[in-house]
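Working notes, structure below.
The values are calculated or read from the model by the stated rules, or taken from the named source; none is laboratory data. All of these numbers come straight from a predicted model, not from anything done at the bench. Positions of Cβ are backbone-derived with ideal geometry, glycine not excepted, and every protein chain shown enters the neighbour counts. Surface accessibility is based on the protein's heavy atoms, side chains included, excluding ligands, DNA and RNA. Shrake-Rupley method; radii C 1.70, N 1.55, O 1.52, S 1.80 Å.
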Amino acid sequence: MSAVRIPPVLRTATGGQKQVVAGGATVGEVLQSLVAAYPALEQQLLAPDGSLNRFVNVFLNDTDIRHLDALATPVVDRDTVVLLPAMAGG
């Protein structure tokens, strides 16, 4: 299981938890496990086709997964996945 850090804006979907655990061999599988456990996160994180929502940044151990293998990036138990939804405003 990998640790997944939940930003404040998404914590209502996880019952206020700042960090949860989710299983999977890739970042994509971890996100699928996460939305299975917390269905309210699905629309926030994933596009209708199952790809990552374009307004969400995902980091694996401080590295943006776009610079790795995106959702196919392998994860191991000691990894941390960080979710950062894009914020707009002025």
* Asked: Does segment 63-88 hold any residues that are without any contact (Cβ under 8 Å) to a residue 60 or more places away in the chain and open to solvent by less than 80 Å² (accessible area, probe 1.4 Å), and which are they?
  -> Thr63, Asp64, Ile65, Leu68, Ala70, Leu71, Ala72, Thr73, Ala86
* Asked: In this structure, is Leu60 open to solvent by less than 80 Å² (accessible area, probe 1.4 Å), of a type outside the set (Gly, Ala, Ser), under 19 Å from Thr12 (Cβ atoms) and within 10 Å of the chain's Cα centre (by Cα)?
  -> no
* Just name the residue that is farthest from Phe59 (Cα to Cα) out of those in segment 1-27 that are of a type in the set (Val, Ile, Thr) and either exposed (fewer than 13 other Cβ atoms within 10 Å of the Cβ) or in contact with a Lys or Arg (Cβ under 8 Å, 6 or more places away or on another chain) (or both). => Thr12
* Output the number of residues of segment 33-60 satisfying the condition of being more than 15 Å from Pro85 (Cα to Cα) and polar (S, T, N, Q). => 1
* Filter result for Val30 (more than 18 Å from Ala86 (Cβ to Cβ), surrounded by 13 or more Cβ atoms within 10 Å (Cβ to Cβ) and at pLDDT 95 or above) -> yes
